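Working notes, structure below.
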Amino acid sequence: MKNFNTKLLLILIFLVCIILMSCQNPITADLNKEFDLKINHEVLIKSENLKIKFLSISEESRCPADVVCFWEGNAGVVLKVQKDSASVTDTLNTFPQFQTLITFLQYKITLKKLVPYPVSTQPIDTLKYKATLLVTKEVDGRGIELASSSL
């Protein structure tokens with residue numbers, strides 16, 4: 001019976017540790033300052049109660065750094081942006097002629113960089129992706145915040 005109780009206690013301790021590790025504090029960032037966001041992570045722009053989650057990579061066709069290509073390629077970063085009950089899921093791209101900016105309410109979310117950059121001999125582990133983003137808030141010419149528009 002004692003051996004059973006010890007095993008049960010160890011299992012309970014293990015489960016509590018797993019639960020505590022999954023309850024991470026949210027990552028926070030500031031308006032008008034670039035920040036890095038890893039795939040499957042969420043950031044909170046605390047002053048705005050704006051959440052951004054890096055959901056996935058929709059495309060990875062960037063030309064590997066060790067190859068000469070006729071086109072630079074593109075990578076697509078899928079983000080979910082949420083403020084209160086409003087939300088949007090959209091894709092930002094590394095290729096500048098494609099969409100590199102999400103406009104959501106009065107906010108602009110811009111993809112500045114995506115790492116790691118591909119190398120032909122090394123597949124990228126999806127969990128290693130990290131997007132550098134910038135969030136700005138639209139204001140009128142007098143510096144007054146624009147009212148939120150409905151989606």
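The values are calculated or read from the model by the stated rules, or taken from the named source; none is laboratory data. As the structure is a prediction and not an experimental result, all values here were calculated from the model. Here Cβ is always computed from backbone atoms with ideal geometry, including for glycine, and neighbour counts include all displayed protein chains.
Yes/no matrix, rows are residues, columns are (1) at negative phi; (2) of a type outside the set (A, V, I, L, M); (3) surrounded by 13 or more Cβ atoms within 10 Å (Cβ to Cβ):
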residue: SER47; (1), (2), (3): yes, yes, no
residue: LYS51; (1), (2), (3): yes, yes, yes
residue: ARG62; (1), (2), (3): yes, yes, yes
residue: GLU72; (1), (2), (3): yes, yes, no
residue: GLY76; (1), (2), (3): yes, yes, yes
residue: ASP84; (1), (2), (3): no, yes, no
residue: PHE104; (1), (2), (3): yes, yes, yes
residue: SER120; (1), (2), (3): yes, yes, no
residue: VAL135; (1), (2), (3): yes, no, yes
Check your understanding: Here are some conditions: (1) modelled with pLDDT under 95; (2) touching an Asp or Glu at 6+ places or on another chain (Cβ under 6 Å); (3) not in a loop (DSSP other than H, G, I, E, B). CYS63 meets all but one. Which one does it not meet?
Key -> (3)
Review point. For the stretch 115-139, which residues satisfy the criterion of being in contact (Cβ under 8 Å) with a residue 40 or more places away in the chain and under 21 Å from ASP90 (Cβ atoms)?
Key: THR126, TYR129, LYS130, ALA131, THR132, LEU133, LEU134, VAL135, THR136, LYS137
Exercise for review: Just one of (1) at pLDDT 95 or above; (2) under 23 Å from LYS33 (Cα atoms) trips up PRO96, so point out which.
Suggested key: (1)
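This table checks each residue for (1) at pLDDT 95 or above; (2) more than 17 Å from LEU133 (Cα to Cα); (3) assigned to a loop (DSSP other than H, G, I, E, B).
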{"residue": "ILE19", "(1), (2), (3)": "no, yes, no"}
{"residue": "TRP71", "(1), (2), (3)": "no, yes, yes"}
{"residue": "GLY76", "(1), (2), (3)": "yes, no, no"}
{"residue": "VAL88", "(1), (2), (3)": "yes, no, no"}
{"residue": "THR110", "(1), (2), (3)": "yes, no, no"}
Practice item. Among the residues of the stretch 42-76, count how many are among the acidic types (Asp, Glu) and within 17 Å of THR110 (Cβ to Cβ). Key: 1
